[in-house]
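The values are calculated or read from the model by the stated rules, or taken from the named source; none is laboratory data. Note that the coordinates shown come from a computational prediction; the quantities given were computed from them, not determined experimentally. Every residue, glycine as well, gets a Cβ built from its backbone with ideal geometry; the counts of neighbours run over all protein chains shown.
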């Protein structure tokens with residue numbers, strides 16, 4: 001848990017505050033993204049937690065590893081920083097030290113022995129899906145994305161309960177950034193850290209955050225809420241502008257396809273005979289229907305007009321489906337996939353290509369409308 | 001019949017190509033020309049080209065009959081063959097030595113390319129030199145007179161020197177084109193050859209045991225070595241440089257660290273830097289009679305006691321002890337150092353980075369004072385001898401070290417120090433584990449510049465009574481013995497080159513591995 005209590009920062013020589021009476025609480029095990037335009041004090045806010053910047057007034061509390069809520073202003077800054085994971089952009093790696101030495105920075109400061117540091121570093125590389133031989137390489141021998149993973153691993157070296165991340169994926173190209181974000185979210189499922197994550201990218205803030213803290217210039221807190229609520233109910237004009245005119249579309253990011261799909265869709269078996277299938281489709285007034293085999297693996301689809309008056313097995317009329325949506329895909333990507341192939345209904349499949357449901361544009365539309373309603377918390381998950 | 005024609009045609013093309021190579025090398029001296037010629041490399045062309053040079057030298061020898069080349073008893077054809085053979089042998093031996101040294105510095109070329117490119121320089125240049133000597137001989141000049149830059153026919157010799165430089169330039173191009181190595185490695189290769197050649201010359205003079213009359217610079221050097229004076233001066237020179245640089249490194253790096261240190265609020269513990277000032281005030285009070293008689297006497301007696309106990313120790317540790325004794329024995333000296341240190345350190349502690357500009361500015365001004373003037377000015381407060389010299393040398397050496405420490409630390413990206421600080425490093429850990437290791441290559445460059453510069457300035461310290469290699473220069477000038485001061489200058493130059501070479505190696509050794517690769521990658 002990280003708790004801000006009317007924290008203000010006024011830099012010497014300036015009259016207006018950089019951060020103004022900020023109060024919010026990040027619950028344990030959640031990621032809070034701080035986002036806002038440049039000059040909004042988001043980095044200042046983050047750096048006050050590990051006292052790289054001293055607040056002018058107010059208090060900041062952090063839950064330490066023993067589960068005690070402690071006021072950071074009463075702690076020794078050096079000890080405080082060693083107990084908090086700190087991740088910045090990949091250029092923050094020490095170029096003259098190997099990956100092992102980089103990851104082992106804080107453990108070394110804490111006096112761990114070499115074997116323990118190496119074991120921990122190996123563990124972290126495995127967690128990051130990186131080969132162990134990287135340990136003895138130097139940062140310049142790695143790609144940008146790999147360096148950034150090492151940066152995250154370095155921040156987690158001592159398994160701190162709280163982590164601060166300062167635009168960690170800012171300097172990475174969009175494709176790799178997306179991969180890194182997904183990896184980090186997957187990791188967070190396991191490690192459940194309390195994270196303060198600074199970014200200037202509202203899409204990243206929505207994607208990564210369990211909570212979003214939107215700051216305005218001068219360090220005014222405009223809104224602190226879950227992504228779904230911020231998108232559905234922007235507190236004021238500033239937030240509305242900041243999240244963008246496409247906030248309805250952004251909301252689709254927050255809903256996964258299995259939450260809206262029809263999980264008992266009409267299907268025919270590849271081994272059924274044609275007359276039976278045609279009758280099945282006529283009863284439900286369907287022009288086409290997806291075909292599966294005995295264990296629900298997707299085979300393709302059949303059209304009623306192809307089979308009318310014919311005999312034989314459904315199998316002979318199957319055409320391959322141009323697309324299917326994986327379970328876990330968000331609605332935005334699902335919609336995008338549907339627009340590309342121009343299907344009204346698209347199958348939702350699991351990792352083994354077994355059909356789990358069916359989704360269409362009406363269902364997506366309905367989900368958007370529902371999340372607009374006051375009790376709209378379905379989007380969270 | 002037809003094969004004969006083809007062969008002759010090929011031969012024609014062959015000779016024309018070789019002639020073409022010589023002309024382009026002489027008229028278009030550039031790296032590209034050598035790269036282009038590299039592709040035409042051919043061992044046969046090399047052998048024939050050098051053979052042709054040998055033939056020309058042989059013909060010249062037959063016409064002029066210099067004692068070193070001609071053995072009267074043999075017939076002309078035998079003489080010719082012998083000269084050609086020796087020319088080839090000399091060429092390939094020297095080429096081979098250069099080749100191995102270049103390989104040692106990471107050269108990548110093969111021997112055929114290497115020897116071919118070198119022959120393209122050697123053959124035409126050699127022929128031009130021979131033509132010069134021939135003309136000179138016909139004008140009644142001896143070989144020694146033509147080659148002596150101080151002889152009356154200076155224009156010819158100046159031309160020959162320029163010609164030599166041109167040859168050297170071509171040689172640099174050829175080595176770089178063949179081995180595709182960095183320019184510094186090329187210079188090191190040649191430097192090694194020259195140093196080796198110098199050592200061999202000195203050694204051969206030793207063996208020859210020439211008389212006391214100064215015939216050449218090398219024989220003078222060999223004679224001095226035999227008497228043991230050279231070793232003594234060399235040792236004195238090196239000690240003075242080493243001592244001054246050691247102090248300058250500490251001074252430069254400490255000040256460099258201070259002026260890059262984040263500003264701090266004054267604390268009681270900072271009073272530590274006032275200790276030198278207190279020492280100065282104590283000594284000053286004692287010597288000026290401001291204290292009670294008894295106390296002042298005992299302090300002064302202690303100081304004098306230090307002085308007396310440090311009687312000169314002959315041998316290897318003599319020179320540094322002299323310097324230390326000279327410093328300790330002079331209250332005024334301790335005081336000067338104390339005041340300078342105190343003011344700099346305390347100002348820096350409080351002012352932090354804002355003091356850096358002023359500090360660098362002052363350090364820069366010091367470097368502009370001519371060394372002879374600085375030595376002279378310091379005679380009054382510090383006397384003559386090693387301390388005066390060391391004081392001035394430290395002042396000179398600290399600028400490159402201080403400036404490079406400052407630049408090196410400042411060049412560490414703010415994100416990197418930020419990361420270190422954010423992970424809980426103390427400022428001292430940040431300095432020792434991050435800032436200084438990353439700044440070491442830059443600092444070492446400064447130390448290298450300082451040392452090479454000091455080797456030169458230390459020669460001038462002979463002027464205020466120090467045993468350094470400058471002794472030869474000053475005594476040579478006052479006795480009008482030109483060989484003597486030229487020998488002195490040569491020795492200083494060789495020392496500077498050798499030390500710089502050694503330091504380059506050391507610098508490479510000290511550079512953290514992660515930074516080396518990064519520099520290459522950039």
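Summary table below
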{"quantity": "Yes/no for residue B:394 being within 14 Å of chain A (Cβ to nearest Cβ), touching a helix residue (DSSP H, G or I) at 6+ places or on another chain (Cβ under 6 Å) and at pLDDT 65 or above", "calculated": "no"}
{"quantity": "Leading residue by the ranking (farthest from the other protein chains (Cβ to nearest Cβ)) among those in segment A:65-77 that are within 28 Å of residue A:16 (Cα to Cα) and in contact with a strand residue (DSSP E or B) (Cβ under 6 Å, 6 or more places away or on another chain)", "calculated": "A:71"}
{"quantity": "Test set (1) over 30 Å from the mean Cα position of the chain (by Cα); (2) surrounded by 16 or more Cβ atoms within 10 Å (Cβ to Cβ); (3) within 14 Å of chain B (Cβ to nearest Cβ) - residue A:17 fails condition number", "calculated": "(3)"}
{"quantity": "Residue check, residue A:33 more than 14 Å from chain B (Cβ to nearest Cβ), in a strand (DSSP E or B) and within 25 Å of the chain's Cα centre (by Cα)", "calculated": "yes"}
{"quantity": "Search result, residues across segment A:305-332 that are in a loop (DSSP other than H, G, I, E, B), more than 43 Å from the chain's Cα centre (by Cα) and within 21 Å of residue A:285 (Cβ to Cβ)", "calculated": "A:308, A:309, A:310"}
{"quantity": "Any hit, segment A:202-209, residues being in contact with a strand residue (DSSP E or B) (Cβ under 9 Å, 6 or more places away or on another chain), in contact (Cβ under 8 Å) with a residue 12 or more places away in the chain, away from every other protein chain (no Cβ under 14 Å) and not in a helix (DSSP H, G or I)", "calculated": "yes"}
{"quantity": "Count of residues meeting criterion [in a strand (DSSP E or B) and in contact (Cβ under 8 Å) with a residue 24 or more places away in the chain] in segment A:61-77", "calculated": "4"}
{"quantity": "Verdict on residue A:215 being surrounded by 15 or more Cβ atoms within 10 Å (Cβ to Cβ) and modelled with pLDDT under 90", "calculated": "no"}
{"quantity": "Options B:443, B:365: the member that is touching a helix residue (DSSP H, G or I) at 6+ places or on another chain (Cβ under 8 Å) and assigned by TED's automatic domain parsing to the domain that holds residue B:254", "calculated": "B:443"}
{"quantity": "Filter result for the condition that a residue is within 14 Å of chain B (Cβ to nearest Cβ), buried (at least 22 other Cβ atoms within 10 Å of the Cβ) and within 16 Å of the chain's Cα centre (by Cα), over A:168, A:139", "calculated": "A:168"}
{"quantity": "From A:49, A:62, residue being more than 13 Å from every other protein chain (Cβ to nearest Cβ), within 24 Å of the chain's Cα centre (by Cα) and at pLDDT 90 or above", "calculated": "A:62"}
{"quantity": "Members of segment A:221-242 found to be in a helix (DSSP H, G or I) and touching a strand residue (DSSP E or B) at 6+ places or on another chain (Cβ under 8 Å), listed by number", "calculated": "A:227, A:230, A:238, A:239, A:242"}
{"quantity": "Those residues of segment A:243-255 which are surrounded by fewer than 18 Cβ atoms within 10 Å (Cβ to Cβ) and touching a residue at least 40 places away in the same chain (Cβ under 8 Å), in sequence order", "calculated": "A:244, A:248, A:249"}
{"quantity": "Unmet criterion (only one of (1) within 28 Å of residue A:201 (Cβ to Cβ); (2) part of a helix (DSSP H, G or I)) for residue A:24", "calculated": "(2)"}
{"quantity": "Residue B:413 being closer than 30 Å to residue A:110 by Cβ, at pLDDT 80 or above, surrounded by fewer than 18 Cβ atoms within 10 Å (Cβ to Cβ) and within 14 Å of chain A (Cβ to nearest Cβ)", "calculated": "yes"}
{"quantity": "Residue list for segment A:78-117, restricted to those being at the interface with chain B (Cβ under 8 Å from one of its Cβ atoms) and in a helix (DSSP H, G or I)", "calculated": "A:78, A:79, A:80, A:81, A:82, A:91, A:92, A:105, A:106, A:109"}
{"quantity": "Filter result for residue B:432 (touching a helix residue (DSSP H, G or I) at 6+ places or on another chain (Cβ under 8 Å), within 14 Å of chain A (Cβ to nearest Cβ) and closer than 24 Å to residue B:248 by Cα)", "calculated": "no"}
{"quantity": "Elements of type helices (runs of 4 or more DSSP H) in segment B:418-522, at least 3 residues being crowded, with 20+ Cβ neighbours inside 10 Å and at pLDDT 85 or above", "calculated": "B:436-460, B:470-479, B:482-510"}
